Structures are given as C-alpha cells and as structure tokens.
1. Filter segment 1-57 for residues that are more than 24 Å from Pro148 (Cα to Cα) and free of Cβ contacts under 8 Å to residues at least 24 places away in the same chain and give the result.
2. Can you pull out the strands (runs of 3 or more DSSP E) entirely within segment 1-82 that have at least 1 residues that are at pLDDT 90 or above and of a type in the set (Val, Ile, Thr)?
3. Taking the residues in segment 1-43 that are closer than 22 Å to His93 by Cβ and touching a Pro at 6+ places or on another chain (Cβ under 7 Å) as candidates, determine which candidate is surrounded by the fewest Cβ atoms within 10 Å (Cβ to Cβ).
4. What number of residues within segment 135-152 satisfy the criterion of being at pLDDT below 95 and either of a type in the set (D, E, K, R) or part of a strand (DSSP E or B) (or both)?
5. Any idea how many residues of segment 100-128 are buried (at least 18 other Cβ atoms within 10 Å of the Cβ) and either touching a His at 6+ places or on another chain (Cβ under 9 Å) or in a loop (DSSP other than H, G, I, E, B) (or both)?
Amino acid sequence: MSEKCLQTKSLKLVLHGPKEALAAIKAMSPEDRAQVSPEWLARLETASQPDPWVHGFGVTLRNGDVEVGSAGYKSRPTSDGVVEIAYGIAPEHQGKGFATEVAAALTAYAFQSGLVRVVCAHTLPEPNASTRVLTKCGFRFMGEVIDPEDGLVWRWEKKQE
C-alpha cells in the first residue's frame, strides 16, 4: 500500500497535499467549514509537504475519477499510539458500502504504520449509519465522552490484533 494512494475493492484514497486540503475546505458549505478545527487549519496553512496524518485523502471511485468523499485522521497518533479517524461520503454515494471501505482502509493504514495500537472514532450519540459502519469494521462501543470540538459523542475503538 503506497502512502500516496490507499486502494480498496471499489475506491482509491488519494493523499492530499496542503493545497488540496485547503481547496477542499474552501469548497465546503459554511456549516461544514465552521466545524473545521482552527488549530488544524493553522497547521495546514504552514505545511509544505503532504502528510497522511494531517491532510487526509480524497476518496474517488477506483474505476474512474469520480470523487465520492474525503477521509483522514483528526491528528497525528498520540505518544501512546491512539489515532482518530474521520470520513464523509457525499449524499449521492451513500448506502453503497463506501464508508465501510474507507474506515477499514484508514484503520489498516494506521495499524501498518507501526505508530498506532488503537484506532478510535466518534459519532453522534445515537444509532446511525456511522455506528453501523464502525460495527462492521470491528470497532467496539466504549461509551459517551465529551469531545472538546464536538461536545457529547459516542466513542468507538478498535485495538490492533
């Protein structure tokens, strides 16, 4: 698996550089853009090289260049080997298993890096499509937590086997 492109059965996750990541943020709706961490945005604006832990990936169909979403990590792995994944699939491409493929690819990449022992994810505190995706990918529900940026969320974890 190349660091610049992760591939799944149906998708390619193409590593964004700082310019692509900034362009993707500028293309977001004002509501979505308001959810971008100011600290992360500040790091992004000073970055010069692509970094999978910071800039994320564009998600395209493997058999073409149709962009279906984006994915990445909320930050670099912590010193104790924990990293959080995040992903989004465009509404017109939801319900096709793409989010499950993306979550599995991000998790596999994190474990293969040698830097991660636990991958976590946060969801809205209710059963929904993301909770089903994480369950399919082998994540365990850990309970409710307060995320500094998102407030009350459900925490999910998968430990390296």
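1. Ser2, Cys5, Lys19, Ala23, Ala27
2. 11-15, 57-61, 67-73
3. This residue is Leu15.
4. Initial filter on segment 135-152 (at pLDDT below 95): 147-151.
Among the residues that remain, those that are also either of a type in the set (D, E, K, R) or part of a strand (DSSP E or B) (or both) are: 147, 149-151.
Residues that pass the stated criteria total 4.
5. Within segment 100-128, residues that are buried (at least 18 other Cβ atoms within 10 Å of the Cβ) and either touching a His at 6+ places or on another chain (Cβ under 9 Å) or in a loop (DSSP other than H, G, I, E, B) (or both) number 1.
The values are calculated or read from the model by the stated rules, or taken from the named source; none is laboratory data. What you are looking at is a predicted structure, and each value in this text was computed from that prediction instead of being measured. As a convention, Cβ positions derive from the backbone with ideal geometry for all residues, glycine included, and neighbour counts pool all protein chains shown.
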